[in-house]
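Everything on this sheet refers to the single structure shown next.
The values are calculated or read from the model by the stated rules, or taken from the named source; none is laboratory data. Because the structure is predicted, anything quoted here is derived from the model rather than measured. Methodologically, a virtual Cβ is constructed for each residue, glycine included, from the backbone with ideal geometry; neighbour enumeration extends over all protein chains shown.
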Amino acid sequence: MPLLSERIREHVKEVFKTLPSPIKLVLFTQEFECEFCADTRQLVEELSQLSDKVKLEVYDFVSDVDKVEKYEVDKIPAIVVEGEKDYGIRFYGLPGGYEFNSLLHAIKIVSSKDSGLSQDSRNMLKSLTKPVHIQVFVTLTCPYCPMAVETAHKLALESDLVRADMIDATEFPHLANKYQVFAVPKVVINDKISFEGALPELSFIRHVLRA
């Protein structure tokens, strides 16, 4: 049974028609012991069937060690949205619910190679000198979470020093516990700085620079 309804499929087809360049979805999964791996694989397979510009590669988290190391994936299910290069955009967990829009957003900005950030934001990011790892903890029923995820992914597209992960807190409770995720979205930057809520773009970047 398809995960995407006919209405959503038609909407996605229209979105994909506007993609200026091809992108690749790189899925890391495992046949056993991953509750949401099968659904995540079905989702990306259905998406890849809706446009010739969306390619799919699937790797096993255990056996494809070289790919795991290349993409620095440390948990599954994991989706990398890759364009002409790997911009550091990651989804850990099934990007369903409100986060489905975050996945479409990531595909669009990677395809266009344009973050959509303001010039002020771009200038601020140029001052980065060290790697930044952003983790955005979400739940799939949170309407405010996509804004935080999409901002983080914009930063990753804009700067080679930024890697940005969407993490479903319910799928990775050990991480939610580690980072004391009591409300979402919760953003953790370099394990040093954290905040809750979907902040405006410039405020988000100020936290990144502090970290």
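If you filter the range 159-191 down to residues that are of a type in the set (Lys, Arg) and within 30 Å of Lys113 (Cβ to Cβ), you find that the one that is surrounded by the fewest Cβ atoms within 10 Å (Cβ to Cβ) is Arg163. Does the range 58-70 contain at least one residue that is under 25 Å from Thr151 (Cβ atoms), surrounded by 18 or more Cβ atoms within 10 Å (Cβ to Cβ) and not polar (S, T, N, Q)? No, that holds for no residue. All conditions but one from (1) more than 24 Å from Phe32 (Cα to Cα); (2) surrounded by 24 or more Cβ atoms within 10 Å (Cβ to Cβ) apply to His105; the one that does not is (2). Restricting attention to the range 16-45 and to residues that are aliphatic (A, V, I, L, M) and surrounded by 15 or more Cβ atoms within 10 Å (Cβ to Cβ), the residue that is farthest from Gly83 (Cα to Cα) turns out to be Leu43. For the range 92-105, a residue qualifies if it is within 14 Å of Ile167 (Cβ to Cβ) and in contact with a His (Cβ under 9 Å, 6 or more places away or on another chain), and exactly one does: Ser102. Count, please, the residues in the range 59-76 that happen to be part of a loop (DSSP other than H, G, I, E, B) and out of contact with any helix residue (DSSP H, G or I) (no Cβ under 7 Å at 6 or more places or on another chain). Summing the residues that are part of a loop (DSSP other than H, G, I, E, B) and out of contact with any helix residue (DSSP H, G or I) (no Cβ under 7 Å at 6 or more places or on another chain) in the range 59-76 gives 7. Pull out all pairs, ordered by first then second residue, where Cβ-Cβ is under 6 Å, the residues are six or more apart or on different chains, the first lies in the range 53-69 and is closer than 10 Å to Thr29 by Cα, and the second is part of a strand (DSSP E or B) and not small (Gly, Ala, Ser). Close Cβ pairs satisfying both conditions: Val58/Leu27; Tyr59/Phe28; Phe61/Phe28. The residue of the range 112-166 that is nearest to the chain's Cα centre (by Cα), among those that are closer than 23 Å to Thr18 by Cβ and part of a loop (DSSP other than H, G, I, E, B), is Ser115.
Just a yes or no: is a residue in the range 144-153 closer than 14 Å to Ala211 by Cβ and touching a residue at least 12 places away in the same chain (Cβ under 8 Å)? Looking for residues that are closer than 14 Å to Ala211 by Cβ and touching a residue at least 12 places away in the same chain (Cβ under 8 Å), one finds at least one in the range 144-153, hence yes.
The criterion of being in the same structural domain as Val26 (by TED's automatic domain parsing), crowded, with 18+ Cβ neighbours inside 10 Å and not hydrophobic (A, V, I, L, M, F, W, C) holds for Glu99. The residue that is nearest to Val149 (Cα to Cα), counting only those in the range 192-211 that are part of a loop (DSSP other than H, G, I, E, B) and under 18 Å from the mean Cα position of the chain (by Cα), is Ala198. Would you check if Gly88 is under 26 Å from Ala176 (Cα atoms) and either touching an Asp or Glu at 6+ places or on another chain (Cβ under 6 Å) or free of Cβ contacts under 8 Å to residues at least 12 places away in the same chain (or both)? Criteria not met by Gly88. None of Leu94, Leu104, Leu27 is within 24 Å of Leu155 (Cβ to Cβ) and in a loop (DSSP other than H, G, I, E, B) except Leu94.
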